[in-house]
Amino acid sequence: MPALAELQAAFRRALLEEDESALAGLVEEGGARLDIHRNNLFASLGAVLAESFPAVCRLVDARFFAYAAHEFVRRHPPRRAVLAEYGEGFADFLAEFPPCRDLAYLADVARLEWLMARAATAADAAPLAAEALAGVAPADTPRLLLRLHPAWGFLASPWPVDRIWRANRGAASDMAPIDLAQGGVRLEIGRSDNEVAMRALDAPAFAFRAALAQGGTLEEAAIAALIADPEFDLAAALARLFHDGAVAGVALAPPAAETVP
Amino acid sequence: MIPRDGRQAIPALMGIGLRAPHLAEIIAARPAIGWFEVHAENYMGGGAAPAQLERVRRDHALSLHGVGLSLGSAEGVDAAHLARLRRLVERFEPARVSEHLSWSVASGAYLNDLLPLPYTEETLAVVAANLERAQEALRRALLLENPSRYLRFRHSTIPEPQFLAELVRRTGCGLLCDVNNIFVSARNLGFDAMAYLEALPAGAVGEIHLAGHAAVMRDGEALLIDDHGAPVAPEVWALYGAALRRFGLVATLVEWDKNLPDLPVLLEEARKAERAAAATLGDHAGAR
């Protein structure tokens, strides 16, 4: 008689890897009845991915998407039961998936859809007003850390993925032919009043916000923006960031070592 | 019974599963139904879904039905998942919280199906320990649902209703009796559904589930699949009557997931449950 842990490991192999050898002697009925569980697993998770990646599904067609999703589920099953959070890594998987190699922009469309899916159900957080900075001493300003709202995400792509995404969402809003050579785009995905929003940013604004999102200090973010545009207006950029409801926390990075007396 | 807004009122005992496509209509129309049941995992993030559920909660009682705790996992329940469930319970103050006699997690992988357990002394100890941990964290008794079964393990030694009864005895949990699951499992595994009902500890049953199933042919044998994709079958209505006679008037939920119909169709299934309860138990059925 197998221990429960062994049986569950064997069942997992039978479902994910179609290796029923360890299970065969343990069940009264195998075969088609095990297929019911296997089908529940792959069909439900395939549907979860199709819901989170609708434009990718349309770009490759539903049948191929189901095949790609099956392979992804097999190799990267969910680690959590909250399935709205399943699909991280699907874009990287598509980038490496040989049948998709000709669709160079596909992985970036998937990255965009993942950020939008995450934005929809990311944790709630009250946005801070600019007054949150009132108590910060001017000398501490460079090491300010602005924690962005959990729904916020950033994507820079060499492809016009925002236009590709709109053209593949069923709405006829943007059906003009898309010139892939037209150049890339820098996108911000956020959430306001529980609606996910995507918009294009210019190079300095993207550099500034993306640096903050990665945990950089205000000084590091300002330098990144100034590299993109020497005329970058830090005060205005900060005001816009708070106005957009993008800031959920304010903290100070530890002082640099050389300032210790 | 007094009709409200020209509609037939449904006693507080009848509920339906709340599904996303019906949300806006339910918030706008506030249908005369006692309570809604939601899958807990769909509301563990932020954004629109929990905000809408708060709107529904203002007008209706709620039942949280978990599908992801994996109470049957030998590796134990996921502490992070349990903590999220606890926050949900604290936020929405549901009338009932339920989970399944099944498992979904092995080596950290969540297999997104309610997978079958062998009914042994070891499994009994595993599920009882996991249940006790969950009930301690949530500070309340859970209702445990009988699964729909497609296969059996050779080393099982305890019949399922006795297994459930023993869990009730050891942990103080209640039972969610899914009548459709009993019917589906009885057909697939060849046991007597009525004898199963008789073997359940009647006083522990705190909720009943009704749903539709699908009949399929696989490898030349007829099987039933619990797909929640059709009206409740006539044989399941008959078994529901038997369940009511045995358990008394118990809060009953109609679940529908696949081929989800318009909201009025689902509400009519709940009214049908009400009529079945009235027919089985007499006129006092709607008064509680």
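Observations on the model:
- Only beta bridges with both residues in the stretch B:97-201 are counted; by DSSP, about 35 percent of them are antiparallel.
- Taken residue by residue and averaged, Cβ atoms of other chains lying within 10 Å of the Cβ of A:31-43 number 5.
- Footprinting exposure proxy for B:MET44, B:MET217 (fewest neighbouring C-beta atoms within 10 Å first): B:MET217, B:MET44
- Cβ-based charge dipole, the stretch A:125-261, positive-most Cα from A:ALA211, A:ALA228, A:ALA134: A:ALA211
- Each peptide in A:186-192, A:29-35 receives the mean, over its residues, of other Cβ atoms within 10 Å, and ordering these scores from highest gives A:186-192, A:29-35.
- Rounded, prolate or oblate (a/c below 1.5 giving rounded, otherwise prolate when a/b exceeds b/c) for the stretch A:125-261 by Cα gyration tensor: prolate
- Between A:ALA130 and A:ARG79, the simple spin-label model (points 7 angstrom out along Cα→Cβ) gives 4.0 nm.
- Segments B:235-245, A:56-66 sorted - mean Cβ within 10 Å per residue, highest first: B:235-245, A:56-66
- Neighbour-count order for A:ARG169, B:ARG149, fewest beta carbons within 10 angstrom listed first: A:ARG169, B:ARG149
- Dipole size of the protein assembly as shown about its Cα centre, with +1 on Lys/Arg Cβ and -1 on Asp/Glu Cβ: approximately 1080 debye, rounded to the nearest 20.
- Cα centre as origin, Lys/Arg/Asp/Glu Cβ charges: chain A dipole, Debye: 300 debye
- Each Lys and Arg adds +1 at its Cβ and each Asp and Glu adds -1 at its Cβ; summed about the Cα centre, chain B shows a dipole of about 680 debye.
- Expressed to the nearest 5 percent, the antiparallel share of DSSP beta bridges inside the protein assembly as shown is 50 percent.
- Cα-based helix-to-principal-axis angle, A:4-16 vs chain A, degrees rounded to 10: 80 degrees
- Charge dipole of the protein assembly as shown about the Cα centre (unit charges at C-beta), most positive-ward option of A:VAL82, B:LEU189, B:ALA74: B:LEU189
- Between 0 and 90°, nearest 10: helix A:62-75 axis offset from chain A longest Cα axis: 90 degrees
- Estimated from helical segments only, the mean residue ellipticity of chain A at 222 nm is -14000 deg cm²/dmol, where each DSSP H run of four or more residues counts as -39500 (n - 2.57).
- Our summary gives chain A a relative contact order of 18 percent, counting only alpha carbon pairs under 8 angstrom and 6 or more residues apart.
- Rounded to 5, percent antiparallel among DSSP beta bridges of the stretch A:125-261: 100 percent
- Cα lying deepest toward the dipole's positive end in the protein assembly as shown, options A:PHE97, A:ALA3, A:ALA253, charges on Cβ: A:ALA3
- Packing rank of A:120-128, B:65-73, A:97-105, A:158-166, where each peptide gets the mean count of other beta carbons within 10 Å, highest leading: B:65-73, A:158-166, A:120-128, A:97-105
Bear in mind that the values in this text are calculations on the coordinates, not laboratory data. Nothing here was measured: the structure is a model prediction, and the numbers come from that model. Positions of Cβ are generated from backbone atoms using ideal geometry, with glycine treated the same way; all protein chains shown enter the neighbour counts.
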